[in-house]
Every structure is written in structure tokens, then in C-alpha cells.
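Below: one structure, written as C-alpha cells.
Here, each number is a calculation from the coordinates, and none is a lab measurement. Here the structure is a predicted model, which is why all the values come from computation and not from measurement. Positions of Cβ are backbone-derived with ideal geometry, glycine not excepted, and every protein chain shown enters the neighbour counts.
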Amino acid sequence: MFAAISGLKQHQVMLDVTANDIANVNTIGYKSARVTFQDSLTQLQRGAAGPTTNNGGSNAAQVGLGVGLGSVDNLMTAGSMQTTGNPLDCYIQGDGFFEIGEGTPTGPSTPIAPTAYTRAGNFTVSSQGFLTTQEGSYVLGYAQPTATPATTVAIQIPQGATGVAIDQAGGVSYVDPATNARVTPYRLTLATFSNAAGLERQGGNTWITSANSGPKTESMPGQGGAGTTIAGSVEMSNVDLAQTFTNMITAQRGFQANSRVISTADSMLEELVNLKR
């Protein structure tokens, strides 16, 4: 009965993860997840015996004690590209995450360290002219020309600038109101990780590093293994509804089968109690 109870619990976890994926089917930059199970410790009824001169030996007799949660894997495949026509929207074609941070920038060259990473490129411009996420975090990049050592800064667009654009190399350009000429004072930075699936979800379409995400490589788009940026587009969720609904059916049937085991065990206990009437 307790083995079946563990099956109920883990299939409920599987359904929770599946439900979260379906809820985020239209979330920009969302990465789906996958649940795997593993068997729990077993009760050893009889140990294994090696071969002798008279017989070939015997295997161990073990009875399983249920199921446990093996992993909840982040599936980091790219989502489909949706064209929006908004010049501040940005899609990463390839590997990498936009770097975002929090702080108090006092000017266009104030260093700000990344605190989180995101694939959601639906950016906006704050009242102070800084390029930010929809949650207000600063989008980071390198001021041009790149300093040595390179430090990330908050990207600021001056008041009155027009024609803001982002190119495939991450260059953020605009028409300078003072000179009426197009300038590219910043380039976006992308972070890549040796184990991107090891990043931890922080909510708000953001990720943070973990002990197993591996070292970060910071580079500009198109360099150091990072992808290129495409303006006027965003990355949609990578949730596969066909696979997700299949997972839902699997979780439902697994839960149903384990509940039948509990019902059968209860009937057996009832028969045992009824031995003495």
C-alpha cells in the first residue's frame, strides 16, 4: 500500500509539472520541463549466492518499496520565433541568454553586474532612457569601444534619440539628436553555460546560476559560441502540446493504476480483519 502511495505522490508531481507547462504555452522565452522517476530502496528477502561445484548459484530476491522523484529536467531547446515588428524586441538565434541586472546607474557607463539571465527579449525603454525588461531589470551590454577588462553597463538611450535598432551582432544603435547621425554606443552581451539545463528558474522569465550550471562565458552575439540577435522578433515557449497532453494522459493513468493498488490492498486487509467475525 505504501509503495502505491509513493506512486500517487510522484504522478501528482508529474501532473503538476505538466500543468505548469500547459499554463506557460504562450509565455515568451519559457522552457518546458520533464519529470523522470527512479525506484526507491528495496527490501532484501534473500541475498545472491555464487556458483559452487554442485550448482550455478542464485540471484537475490528483492521487493521494491515504491518510487521516488528522479529529476525535473529543463528542456532548453529553442522556441519558435514570432515576428512582432517592434524594434526593441530581440530573438536569440542560437545559444545564449540576455544578461540583466539591478542597481542604480548614474550614467551611460555605470558598471552593473548581471544578477539573472533570460531568453525573453521583449524589452522596453524606461523613463530615464534605459533599456529594461518588462519587470524593470536593466538590459546589460558593453559600451563601445569595449574597455579592457570589459564590464557590463546598463544600456541608456538619450532623450530625443530616434530610430533605435538592434543588429545581428547585438549592436544597439540610434540617431543621435545632437549630431543627427546614427551611432552604435553599445553591444548586447550574451551568457552561455556549459550546462544550461542546470540553471535555476527564478520566475518572471529569468534564470539564475546554480552549483551545476557550469562556468559562464560572456561574449557579444556571434562570438564565443553565442548566437546572433534578430530584432523585431521574440522567442515563444518551446512547449510541445502534443507531447504535453500525452504526458498528462500518462500521469493520469499512472495515478489511476496506483489508486487501484490501494483499493486492492484495502480489500485484502478487510478480508484479514473478517477472519474473526
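Ordered by the count of other Cβ atoms within 10 Å of each Cβ, fewest first, 98, 2, 193, 255 give 2, 255, 193, 98. Here the alpha carbons of segment 103-181 define both size measures, Rg and Dmax, at 12.5, 35 Å. Overall, the chain carries a charge dipole of about 620 debye about its Cα centre when +1 sits on the Cβ of Lys and Arg and -1 on the Cβ of Asp and Glu, all other atoms neutral.
Largest mean-square fluctuation among 43, 243, 12, in a Gaussian network model of the chain whose springs join Cα atoms under 10 Å apart, belongs to 43. Which of 34, 46, 182 moves most in a GNM of the chain, Cα contacts under 10 Å? Maximum fluctuation in the GNM of the chain, among the listed residues, is at 46. Among 104, 138, 166, which residue has its Cα furthest toward the positive end of the charge dipole of segment 81-235, with +1 on Lys/Arg Cβ and -1 on Asp/Glu Cβ? Value computed over the given set: 166. Calculated on the alpha-carbon coordinates, the convex hull of segment 57-194 measures out at 197 cubic angstrom per residue.
Taking Cα atoms only, the orientation of helix 241-273 departs from the longest principal axis of the chain by about 30 degrees. Against the longest principal axis of the chain, how steep is helix 2-23, in degrees 0 to 90 to the nearest 10, with axes from Cα atoms? The angle comes out near 20 degrees.
Put in order of Cβ neighbour count within 10 Å, fewest first, the listed residues 21, 16 become 16, 21.
Build a GNM of the chain with springs between Cα atoms under 10 Å apart, and of 187, 260, 119 the one that fluctuates most is 260. Let me test this: with uniform point scatterers at the alpha carbons of the chain, what is the Debye-based log₁₀ I(q)/I(0) at q = 0.07, 0.10, 0.13 1/Å? Result of the Debye calculation: -0.41, -0.66, -0.89.
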